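K.L.:
After the structure tokens below, expect a handful of questions from me.
No lab work stands behind these numbers, since they all come straight from the coordinates. Note that the structure is a prediction, hence the values are computed from the model and not measured. Reconstructed Cβ throughout: ideal geometry from the backbone, glycine too, with neighbour counts over all protein chains shown.
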Ligand SMILES: Nc1ncnc2c1ncn2[C@@H]1O[C@H](COP(=O)(O)OP(=O)(O)OP(=O)(O)O)[C@@H](O)[C@H]1O
Ligand SMILES: [Mg+2]
């Protein structure tokens, strides 16, 4: 087990015209369970392939602890990887499939048997060990592929590339908790690629959000939800995603269409420059009612979606649509004027999609002053 | 309306029109079945039936016709039953040629299939060299059979052929395919390998290209050796194309005619007299249509049976 350190690692498939993965410096810490979350085509598979050595990066260097492995081929890196779709040795039995990585590495026979049986038991493959792997249904085939990734003991990391895409949803939950269990037992570094936020948030110690080839934020699931560092994280995590409203900073005050919303607070030491900015606030932290509280702004209700457990109230603020998540028993009639109040410290300011500050109550309102 | 329906009812297309028309005018028609039945399918099968009749059945029937008669002249012929078949099957010369041809086909398959697969594995998977490799490999396939024969006839000659001369004078091995049976056999075999291994290679290459990248990546992750990757990923996925390659190469080599005819003319002695060469001698040279017909049918039968066996064994083993 080792920390996996990427130093300025980037990859381009077209000779440098576009980056599939922008040069990044990043460390995957030993024994942690990571979820790598991002939309289709953002470079998740590329990143995994670089770590496992299936792809050599266009630029940058890779270290396992202090050993540089940039030029080391896959076989020398000792990484397990499971692919998006089942990859099997089709004419072999399930047992032989699971034993294959161990036999290639000359494990003693008894140990092979013991490991194969343990993994097959964990993944519920016991009844299928003798069957030819290609006779299994795709979901089971993928579980066999997963098993091949988990059967080895001395791996630097286990990379899982959307391993449960083809698996039956009911089985997904079971398998995911099995994976967590295995992770706890073995202490492998685990990188789990997904574009499903629930999967990422429930699984990982740390979620790494990748967008357009760059890591936009990494943190614990709650952190990503409560405090998005990038507009993309706000959109991608949470359902529905974060509201984004264009605004303006003038004299330290955030304004939307001539209305003062709140005080602009910079994330850094220095003051925020006056000029255009975007407000981001999650529907969960946008509260209707509470006339005149700060920060907040007047809105017009345009419609309500009843979701059962909660309601989604659609409003317009100065011509921009927003959504507020309210209790199921609240009633808001369309075409009425309401006041949308932002929960304290949960409304943020973004410039060029990157967070630069937050909004606090206006002076003299809500009893709380802002600098 | 009814009249029209009745007139077309007999034709395959008419079936549908009748069922459609009957309820409209209300006249019960005994030929109209309750269940709508569409006979149009027969019409679609017809072109195949006609073309198969002309390409295979009718020519074959004329051969069958010859094979059961003794023909002295167009007006003077007698029915002899299976007599010709018996004599052909007992003929020692034909039997020897049969064994010889079978041996030749076996050698062709044993050499060309592994060589072709090896060539395909060695060919680049992507990049600019793919097309270069394809053209070079495909080149022998574009040469007409008799030209191939002529090329090798000259190339292997001990006196003026580059290959034959080199073997004799540089390697110091006594080689003369016009005098020595083994040399003649080897020449014909190598010629066939040169000519047809590319076909196996191209088929295998197409099969290999259809294997998705993740399979090779998984093999790398699992620490598989190159041989192991071939054995467990590439070979299983070549089963389909190799079945085709084996069938094609068997049928073709078992019926080989032009090239040995041009190079050795079946000699020296009978060393390279394959079944087809013997057959043409009987049919065209001696104009014995009866024995030639029986010979052809038996020949045809053997090719069918062996091909069927190959096909069944290869597809069964894949399940
Ligand atoms: N072999 C390749 N050749 C050229 N471009 C590629 C290749 N593989 C990926 N790309 C491109 O690089 C970008 C990143 O691809 P990658 O497969 O890493 O995305 P991903 O995040 O894994 O997407 P998905 O969720 O669809 O699997 C995409 O724009 C893709 O089109
Ligand atoms: Mg991918």
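K.L.:
Cα gyration tensor of the stretch B:92-316, axes a ≥ b ≥ c as square roots of the eigenvalues: rounded (a/c below 1.5), prolate (a/b > b/c) or oblate? The partial results should precede the final answer.
P.N.:
Values: a/c = 2.52, a/b = 1.49, b/c = 1.69.
Cα axes put the stretch B:92-316 in the oblate bin.
K.L.:
Find the centroid of the Cα atoms in the stretch B:65-110 and in the stretch A:252-318, then give the distance between the two in whole Å.
P.N.:
A separation of 97 Å, based on Cα centres.
K.L.:
Grab the Cα-Cα distance for residue B:258 and residue B:49, subtract it from 0.36 nm times how many residues apart they are, and report the gain in nm with one decimal.
P.N.:
Numbers: separation 209, 0.36 × 209 = 75.24 nm, distance 3.10 nm.
Working it through step by step, the gained length comes to 72.1 nm.
K.L.:
Let me ask something else about it. Rg and Dmax of chain A over Cα atoms: what are they, in angstrom?
P.N.:
Taking only Cα atoms of chain A, I get Rg and Dmax of 24.8, 76 Å.
K.L.:
Assuming R0 = 22 Å, what is the FRET efficiency of residue B:244 and residue B:132, from their Cβ-Cβ distance, to the nearest 0.05? Show your work: numbers first, answer last.
P.N.:
Values: r = 25 Å, r/R0 = 1.14.
Efficiency at R0 = 22 Å is approximately 0.30.
K.L.:
When B:57, A:167, B:128, B:80 are ordered from fewest to most other Cβ atoms inside 10 Å of their Cβ, what list results? Don't skip to the end; give the middle numbers.
P.N.:
Working: B:57 11, A:167 20, B:128 8, B:80 17.
With the fewest neighbours first, B:57, A:167, B:128, B:80 line up as B:128, B:57, B:80, A:167.
K.L.:
Which one of B:302, B:108, B:135 has the biggest mean-square fluctuation once chain B is modelled by GNM with Cα springs under 10 Å?
P.N.:
The residue with the greatest mean-square fluctuation here is B:135.
K.L.:
Averaged across the residues of A:83-96, what count of C-beta atoms belonging to other chains lies within 10 Å of each residue's C-beta?
P.N.:
Neighbouring Cβ atoms belonging to other protein chains average 4 per residue here.
K.L.:
Between B:129, B:42, B:185, find the one with the highest GNM mean-square fluctuation for chain B; connect C-alpha pairs within less than 10 Å.
P.N.:
In this elastic network of chain B, the residue with the biggest mean-square fluctuation among B:129, B:42, B:185 is B:42.
K.L.:
What spacing in nm lies between the two simple spin-label points modelled at residue B:39 and residue A:306, each 7 Å away from Cα in the Cβ direction?
P.N.:
Modelled inter-label distance: 6.3 nm.
K.L.:
Measuring from centroid to centroid over Cα atoms, what is the spacing of the stretch B:147-169 and the stretch A:142-187 in Å?
P.N.:
63 Å
K.L.:
Right, something else. Quickly rank A:337-344, B:166-173 as a protection proxy: mean count of other C-beta atoms within 10 Å, highest first.
P.N.:
Descending mean neighbour count gives A:337-344, B:166-173.
K.L.:
Please report the spacing between the Cα centers of the stretch B:216-238 and the stretch B:183-202 in Å, no decimals.
P.N.:
Spelled out, the Cα-based centre of one part sits 29 Å from the other.
K.L.:
Compare B:212, B:92, B:268 in a GNM of chain B, Cα atoms joined below 10 Å, and give the one with the largest fluctuation.
P.N.:
Looking only at B:212, B:92, B:268, the largest GNM fluctuation is found for B:212.
K.L.:
If I take R0 = 35 Å and measure r between the Cβ atoms of residue A:72 and residue A:121 in this structure, what FRET efficiency does the formula 1/(1 + (r/R0)^6) give, to the nearest 0.05?
P.N.:
Details: r = 33 Å, r/R0 = 0.95.
The formula returns an efficiency of 0.55 here.
K.L.:
Output the peptides A:109-117, A:241-249 sorted from most to least packed, where packing is the average of other Cβ atoms within 10 Å over each peptide's residues.
P.N.:
On the way: A:109-117: 14.8, A:241-249: 21.1.
Taking the mean over residues of other Cβ atoms within 10 Å, the ranking is A:241-249, A:109-117.
K.L.:
If a paramagnetic tag sat 7 Å from the Cα of residue B:169 along the Cα-Cβ line, which residues of the stretch B:127-156 would have the backbone N under 19 Å from that point?
P.N.:
B:152-156
K.L.:
Next question. Within the stretch A:120-135, name every residue whose backbone N is under 17 Å away from a label modeled 7 Å from Cα of residue A:174 along the Cβ vector.
P.N.:
It comes to A:120-129, nothing else.
K.L.:
Taking the Cβ of each residue in A:42, A:356 as the centre, tally the other Cβ atoms inside 10 Å and list the residues starting with the fewest. Write down the numbers at each step before the final one.
P.N.:
Details: A:42 23, A:356 19.
With the sparsest Cβ surroundings first, the list reads A:356, A:42.
K.L.:
Relative to the first principal axis of the alpha-carbon coordinates of chain A, what is the inclination of helix A:109-122, with its axis defined by its Cα atoms, in degrees from 0 to 90 and to the nearest 10?
P.N.:
With rounding to tens, the tilt is 40 degrees.
K.L.:
Still on this structure, please answer the following. Taking 0.36 nm per residue of separation and subtracting the Cα-Cα distance, what length does fully extending residue A:85 through residue A:109 add?
P.N.:
Details: separation 24, 0.36 × 24 = 8.64 nm, distance 2.91 nm.
Computed gain between residue A:85 and residue A:109 is 5.7 nm.
K.L.:
A follow-up question, please. Enter the angle in degrees (range 0 to 90, nearest 10) between the Cα long axis of helix B:58-67 and the first principal axis of the Cα atoms of chain B, meaning the one along which they spread out most.
P.N.:
Tilt relative to chain B: about 70 degrees.
K.L.:
May I ask what percent, to the nearest 5, of DSSP beta bridges between residues of the stretch A:4-234 are antiparallel? List each step's numbers first, then the result.
P.N.:
Working: 18 of 35 bridges.
Antiparallel bridges: around 50 percent, rounded to the nearest 5.
K.L.:
Within the stretch B:178-193, which residues have the backbone N less than 19 Å from the label spot 7 Å out from residue B:147 along Cα→beta-carbon, could you tell me?
P.N.:
B:191-193
K.L.:
Using the per-residue mean of other Cβ atoms lying within 10 Å as a proxy for protection, in what order, highest first, do the peptides A:216-222, A:19-25 fall? Kindly include the intermediate steps, with their values, before the conclusion.
P.N.:
Details: A:216-222: 17.3, A:19-25: 19.0.
Order by mean packing, descending: A:19-25, A:216-222.
K.L.:
Here is a follow-up. Which of rounded, prolate, oblate describes the protein assembly as shown, given a ≥ b ≥ c as roots of the alpha-carbon gyration tensor eigenvalues and a/c under 1.5 marking rounded, otherwise prolate only if a/b is larger than b/c?
P.N.:
On the way: a/c = 3.12, a/b = 1.91, b/c = 1.63.
It is prolate, given that a/c is not under 1.5 and a/b is the larger ratio.
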